[in-house]
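Let me begin by presenting the structure, written as C-alpha cells, before commenting on it.
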Amino acid sequence: MKPEQPEPEGADKAEGRPLGRRVLLGTLGLGALGVVTAPALQKGMEGFLGAVSGKDPTGLTGLLPNGGGFRYYSVTASVPNKNAENYRLTIDGLVDKPTSYTLADLRALPQTRMVKDVQCVTGWRVPGTPFEGVRLSRLLDAAGVRAKAGAVRFTCFDGAYTESLTLDQARRSDILVALRMQDKPLSHDHGGPVRLYVAPMYFYKSAKWLSGITVTEHVKPGYWEDRGYDVDAWVGKSNGRDDAPTN
C-alpha cells in the first residue's frame, strides 16, 4: 500500500526506477525538516513523500516520519483515487442482503468517534489518534449474516491488500469502517475515502482504501499474514494497552 500504512512493507518491491543518491539525501533532509516545522507544512510533506514512496523500490522512504507522525510504505506502485462520485463499498458473501454503499450512504449512518493510540508492529506509535466512522457490526447486521458465517474478509481498491477478522472480532464496538481521521475526512494518502479501523490490533489490520467486505465461513489470512504476521494481531499490555482479545 502507499503512504502511512504502518506495516513493514519495504520488503515488497514496487515497480519503478530506484531513487538516485542525491534525491534520496534530499528526501531524508525534508523528512527531518517535516518533524520540526509547523503543522501547515504537513499536508505538503505527506503528498511529497507519498509520491516518492510509490517510485522507490528500495523501501528507504519508509524510514521517514511525516509531520503527522505516520510513516510511508508501499506494496503497489500506484492506487486509483476514489471520491463521492465513484466510490462504492460492497458487502457480500454469506449474507441475506448483499449491499453496495456510496460514500453519501455511509456518511448518513450513525457515526462513532474513538481516540486510541495507533501502534505499528515495527514499534512506532502515534498517540491519541481520533477515528470516526460506522461500526462494522452495524453494516453486518443490516446485511443479515447467515448462521454458518464465521469470518469477514476485507479487500481494497489498490488491487493487492487484503485482511480478515473472525466474525466475533468484527462485531466488536471498536471496529470501524472509518470515514474520518484526526478530525478531518480521510485523505487518499491515509486510505481514503474509506478505510477499516481495527482499534485493538496492530495497524496492519486496518486496511486502507476499503472496497469490499465479504462474509465467509473461515478466516483467510491477509496480505501480511501470508508473509508471516499474526492473524490475531492484538496490541496487548506490552504496548500499554488493555484491550481484551476476542477469543
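So here's what we get for this one:
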quantity	calculated
Cross-link pairs 116/220; 116/205; 116/208; 82/220; 184/208; 97/148 - those with Cα-Cα distance over 21 Å	116/220; 82/220
Magnitude of the charge dipole, segment 76-154, Cβ model with Lys/Arg +1 and Asp/Glu -1, debye to 20	160 debye
From phi via Karplus (6.51, -1.76, 1.60), per-residue ³J(HN,Hα) for segment 194-208 in Hz, x at Gly/Pro	9, 9, 7, 10, 9, 4, x, 10, 4, 5, 5, 6, 8, 4, 7
Ordering of 239-247, 158-166 by packing [mean C-beta count within 10 Å, highest first]	158-166, 239-247
Kirkwood hydrodynamic radius over Cα pairs of segment 86-137, then Stokes diffusion coefficient at 25 °C and 0.890 mPa s, in µm²/s	181 µm²/s
Hz values of 3J(HN,Hα) by residue in segment 105-117 - Karplus curve (6.51, -1.76, 1.60), Gly and Pro given as x	4, 5, 5, 6, 7, x, 9, 10, 10, 9, 10, 9, 6
Kirkwood Rh in Å, taken over segment 150-247 so that all alpha-carbon pairs contribute	13.7 Å
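Laboratory data are not the source of any read-out in this text; all were calculated from the coordinates shown. If you're wondering where the values come from, they're calculated on a predicted model, not measured in any experiment. Note that we place each Cβ from the backbone using ideal geometry, even for glycine, and neighbour counts take in every protein chain shown.
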